[in-house]
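A.B. asks: Just dropping this structure here.
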Amino acid sequence: MNKIPKDTHLFVDIKTLIEQSRQQVALAVNSAMTMLYWQVGNRIKTDILQNKRAEYGQEVMKQLSAKLTEQYGKGWSEKHLRHCLRSAEIFPDIETIYTLCRQLSWSHIRLLMYIDDELKREFYTEMAKLERWSFRVFQERINSMLYERTAISKKPEEMIKHNLELLKNEQKLTPDLVFRDPYFLDFLGLRDKYSEKDLETTIIVELQNFVTEMGCDFAFMERQKRISVDNEDYYLDLLFFHRRLKCLVAIELKLGKFQAAYKGQMELYLRWLDKNMKFEGEHTPIGLILCAGKSDEHIELLQLENSRIKVADYLTQLPDKHLLEQKLRAAIDIAKQRLEGKGDG
């Protein structure tokens, strides 16, 4: 009997059917298990709420875990039961958890339900669904404080809610959800002294990691893009296209602190790109100036906060996580206080 070659259409078609079936089974199992855990947690919550004694809940968990472990084996520890209870407390509506478990795994949901800030939790939920983050990537995004690094975290609460509603209902990303500050470029391996050319060259070598840090919808187009104005040539460091924002993104790399002159340079690049490279249906290009430091007062006086020009720090070496967290939270507080001050005026 002749063997069927591996590259035949029959083999490929059947292989595709098997893989699709496996994915569907995995999704169905995950969904069923997540709903089970939520229902267990919801039942525990109902029982505990009926009794006002705090020690009662602890005793319930202990005894229930012992009985379930005896009956069904490992997997029903007190810790797991507390995860189940937490899921019911954070997502009290069954429709919410049902929708979530169709797109995210129990592991994803377990991370989400320990994020206390509701807006922050919704941000990670919608971004994970939109970009289809694996559990590992999801964990990395939370650990890197992605939410705190986005521009949206520094906006008023109503604006955050509006942007998240657009993301949830229309899968529409706004620039405030896309651009970050600072960017972590520690994967470049740059230490001590290096030039702008070294920075740019290393980014190209580590392009995949750079795009991962920027966001999955960034598509690399060109390095050292030549821009000719009145027979004078300028060279844009990096040119990208963002698929969901539907616009060109010009990136300039600067070693030192942000300077006011960088705004004029970037405005020239953006207007040239808008005139010569923007296709029909695309939005106005956006510029990102990556600096080794910036002054918030410069940004405010130049009115860049709501412009098409973004300015962000980049870090080639990560600081202590506790210090970074303090710095980011302070930046968020300062930005919101400044916005509230403008509103009062």
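A.B. asks: Can you go through ASP186, ASP217 and tell me which one is closer than 26 Å to LYS327 by Cβ, touching a residue at least 12 places away in the same chain (Cβ under 8 Å) and assigned by TED's automatic domain parsing to the domain that holds GLN337?
C.D. replies: ASP186
A.B. asks: Tell me yes or no: at least one residue of the stretch 101-112 is over 21 Å from ASN42 (Cα atoms), hydrophobic (A, V, I, L, M, F, W, C) and modelled with pLDDT under 95.
C.D. replies: No; the residues of the stretch 101-112 include none that is over 21 Å from ASN42 (Cα atoms), hydrophobic (A, V, I, L, M, F, W, C) and modelled with pLDDT under 95.
A.B. asks: List, please: which pairs have Cβ atoms under 6 Å, are six or more places apart or on different chains, and start with a residue in the stretch 221-238 that is in the same structural domain as GLN208 (by TED's automatic domain parsing) and end with one that is of a type in the set (Gly, Ala, Ser) and surrounded by 10 or more Cβ atoms within 10 Å (Cβ to Cβ)?
C.D. replies: Taking only residues 6 or more apart or on different chains, the pairs are LEU236/ALA250.
A.B. asks: Please enumerate the residues belonging to the stretch 211-265 that are of a type in the set (S, T, N, Q) and over 18 Å from the mean Cα position of the chain (by Cα).
C.D. replies: Within the stretch 211-265, GLN224, SER228, ASN231, GLN259, GLN265 qualify.
A.B. asks: Would you confirm whether any residue within the stretch 153-162 is out of contact with any Gly (no Cβ under 7 Å at 6 or more places or on another chain) and under 23 Å from LEU318 (Cβ atoms)?
C.D. replies: So far as the stretch 153-162 goes, yes, one or more of its residues are out of contact with any Gly (no Cβ under 7 Å at 6 or more places or on another chain) and under 23 Å from LEU318 (Cβ atoms).
A.B. asks: Quick one: is ARG191 under 27 Å from GLN265 (Cα atoms), of a type in the set (Lys, Arg) and in contact (Cβ under 8 Å) with a residue 60 or more places away in the chain?
C.D. replies: No; evaluated as a whole, the condition is false for this residue.
A.B. asks: Let me ask something else about it. For the stretch 170-216, give me each residue that is of a type in the set (Asp, Glu) and in contact with a strand residue (DSSP E or B) (Cβ under 8 Å, 6 or more places away or on another chain).
C.D. replies: Matches in the stretch 170-216: ASP176, ASP181, ASP186, GLU196, GLU200, GLU213.
A.B. asks: Still on this structure: Every residue in the stretch 193-214 that is in a loop (DSSP other than H, G, I, E, B) and closer than 22 Å to PHE258 by Cβ, please.
C.D. replies: Within the stretch 193-214, LYS193, TYR194, SER195 qualify.
A.B. asks: Residue by residue through the stretch 127-147, note down the ones that are part of a helix (DSSP H, G or I), of a type outside the set (A, V, I, L, M) and surrounded by 15 or more Cβ atoms within 10 Å (Cβ to Cβ).
C.D. replies: Correct list: LYS129, GLU131, PHE135, PHE138, ARG141, TYR147.
A.B. asks: Does the stretch 315-325 include one or more residues that are within 27 Å of the chain's Cα centre (by Cα) and part of a strand (DSSP E or B)?
C.D. replies: Yes - at least one qualifying residue is present in the stretch 315-325.
A.B. asks: Additional query: Please work out which residue is modelled with the lowest pLDDT, limiting yourself to the stretch 30-59 and to residues that are farther than 20 Å from PHE91 by Cβ and assigned to a helix (DSSP H, G or I).
C.D. replies: In this case the residue turns out to be ALA54.
A.B. asks: Take the residues in the stretch 60-114 that are part of a loop (DSSP other than H, G, I, E, B) and of a type in the set (Gly, Ala, Ser); name whichever of them is surrounded by the most Cβ atoms within 10 Å (Cβ to Cβ).
C.D. replies: SER105
A.B. asks: Continuing with this model, one more query. Inspect the stretch 152-167 for any residue being surrounded by fewer than 18 Cβ atoms within 10 Å (Cβ to Cβ) and polar (S, T, N, Q) and give the result as yes or no.
C.D. replies: Checked the stretch 152-167: no residue is surrounded by fewer than 18 Cβ atoms within 10 Å (Cβ to Cβ) and polar (S, T, N, Q).
A.B. asks: Mind counting the residues in the stretch 303-319 that are in contact (Cβ under 8 Å) with a residue 24 or more places away in the chain and either buried (at least 17 other Cβ atoms within 10 Å of the Cβ) or of a type outside the set (A, V, I, L, M) (or both)?
C.D. replies: Final tally of qualifying residues: 10.
The values are calculated or read from the model by the stated rules, or taken from the named source; none is laboratory data. Predicted model only: the values in this text are computed from it and were never measured. Note that we place each Cβ from the backbone using ideal geometry, even for glycine, and neighbour counts take in every protein chain shown.
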